[in-house]
Structures are given as C-alpha cells and as structure tokens.
1. What's the Kirkwood radius of the range 24-103 in Å, using all Cα pairs?
2. From the backbone phi of the range 90-97, what are the Karplus-calculated ³J(HN,Hα) couplings (6.51 cos²θ - 1.76 cosθ + 1.60, θ = phi - 60°) in whole Hz, Gly and Pro given as x?
3. Which far-off residues, 5 or more places away or on another chain, put their amide H under 5 Å from the one on Val29, with H placed in the peptide plane?
4. Collect residues whose amide H, placed 1.01 Å from N in the peptide plane, falls under 5 Å from the amide H of Val66; neighbours closer than 5 in sequence don't count.
5. What distance in nm separates the two pseudo spin-label positions at Asn38 and Ala62, each 7 Å out from Cα along the beta-carbon direction?
Amino acid sequence: MTKRSILAAVIFCLGVCISGVAAQAPSIVSASIDTTTNQITISGAHLAPATGAPAVRLDGAALTLVTYSATQIVATVPSGLGAGTFQLRVTVDTLSAAFDVISGDSTNEW
C-alpha cells in the first residue's frame, strides 16, 4: 500500500467511525400525489439524513416537508398542480435519487 492509499483508508474510516455508518444513497420505491390535499407521499429507503432534513424537488421546484423518516416523506406540492409526469428528486446529504411521478388521470403503477 502506498502512503496515499493508507491515508485515504484512514480518512474513510474516520468518516465512518465518527458518523457511525457510511452514507447510503436514498432509494425511491414509490411516490403518489394527492391533489385533494396537495401532498406527495414518497416511500423508499435511506430518505432521511443523520442530521438535518432531506431536500425534495418536483421538476426542480423545492417542496415543503410535512414529515419525514428513513422510509417515508410527505411534502406539499403546489396548489393547482396539473396532470402530467414530473421528475421527483430526493437529496440526502450529497446523495440523491430521482423518480418519475405521474399526477392526474394516469396512475403511477410499476
């Protein structure tokens, strides 16, 4: 091992030892928009950071969080959101996941 690779291993170990776990990318399993409540419910894994809150965007627009946990996020979508397919992005720390979600008459069943 070179000094550089040893240093990289030590730095990685310190990051894991300090935080307790290596950061894991969020994973979105499903998302559904309720136009009656103007909320989106997102289900998946690793959706909440160890500290702070996840960032949620719908077609680039930041959404306001209602509640969140490691497996589910509920956020407010803009009132009057029309029908269509939108790109959902959840960012936890520096890692993110994207998912296409359909609002309106179509269903988002996979």
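1. Taking every pair of different Cα atoms in the range 24-103, averaging 1/r and inverting gives 12.3 Å.
2. Using θ = phi - 60°, the values come out as 10, 10, 10, 6, 10, 9, 9, 9 Hz.
3. Correct list: Ser43, Gly44, Ala45.
4. Those lying under 5 Å, H to H, from Val66 are Val74, Ala75, Thr76.
5. My value for the distance between the label points is 1.8 nm.
Only the coordinates and a few stated rules stand behind these numbers; no lab work does. Keep in mind that this is a model prediction, so the values were computed, not measured. Cβ sites come from the backbone with ideal geometry, for glycine too, and all protein chains shown count toward neighbours.
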